[in-house]
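The values are calculated or read from the model by the stated rules, or taken from the named source; none is laboratory data. Since we're looking at a predicted model, the values are computed, not measured. Positions of Cβ are generated from backbone atoms using ideal geometry, with glycine treated the same way; all protein chains shown enter the neighbour counts. SASA here: full protein model, heavy atoms, side chains in, ligands and nucleic acids out. Shrake-Rupley method; radii C 1.70, N 1.55, O 1.52, S 1.80 Å.
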Amino acid sequence: RAAELRDEILFKQPDSSYLGDCPICCLPHPIDQSKSSLMACCSKFICDGCDYANQIREFDGRSLEDKCPFCRHSPPESQEEVMKNIMKRVEANDPIAMSQMGRERYKEGDYKGAFEYDSKAAELGDVGAHFNVSCLFRDGKGVEKDTEKELHHLEEAAIAGHPDARYNLGCLEGKSGRHERAMKHFIVSANMGHKMSLDSLK
């Protein structure tokens, strides 16, 4: 019965993007992450509509100073300032900032550091961090390979509406011969606009 309830939650079509709502207009973020911007000053995802509205407001007010539409601070002028801002948010236990720091550590090749930051962010509920941790467990970077833990983090991310995590789950199920479950995952992520899932159903 517990497995049935878990599947019921797992295969439910998410109501919105895993990015949540824009903190300004309170509308759900698009699934396409390129239509939202992550502010380097406050670690908030702002939809392109609110970002554009802020640019128009500044232009109409003839303001020459660009400011964040959320926190009203000027954008950082250097990478050093960006990292300083992220660390401030990390110290405030901001999961998005922790996930950002995890990505920075990963790019530097510090996989153990990436795992530590992303694991903490995942504990605090960051969906993207769950996906990142699943990839680290899959590849054995910064941590020993663990398919069971990879699957757990993929499921947590998929339930929260992460289309790439859902697609990866479908691939894992397909490789294990559970084709019906794989198709269910692909259908859910295809409905969210995930191209590779849609191609897998053709």
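For a straight C-alpha distance cut-off of 25 angstrom, the lysines reachable from residue 145 (same-chain residues fewer than eight places away being disregarded) are 107, 112, 120, 175. Charge dipole (Cα centre; +1 on Lys/Arg Cβ, -1 on Asp/Glu Cβ; no other charges) of the chain amounts to roughly 340 debye.
In the context of the full set of protein chains, the range 56-202 has a per residue accessible area of 57 Å² (1.4 Å probe).
For residue 55 and residue 15, a Förster radius of 41 Å and the Cβ-Cβ distance give a FRET efficiency of 0.85, rounded to the nearest 0.05.
Of the accessible area of the chain, computed with a 1.4 Å probe over protein heavy atoms only, carbon and sulfur atoms account for 52 percent. In this simple spin-label model, placing a label point 7 Å from the Cα along the Cα-to-Cβ direction at both residue 88 and residue 24 gives a separation of 1.9 nm. I want to make sure I understand the PRE zone here: with the label point 7 angstrom from the Cα of residue 6 toward its beta carbon, which residues in the range 119-141 have backbone N atoms less than 12 Å away? None, by backbone N distance to the label point. In this structure, residue 202 and residue 112 have a Cβ-Cβ separation that, at R0 = 30 Å, corresponds to a calculated FRET efficiency of about 0.15.
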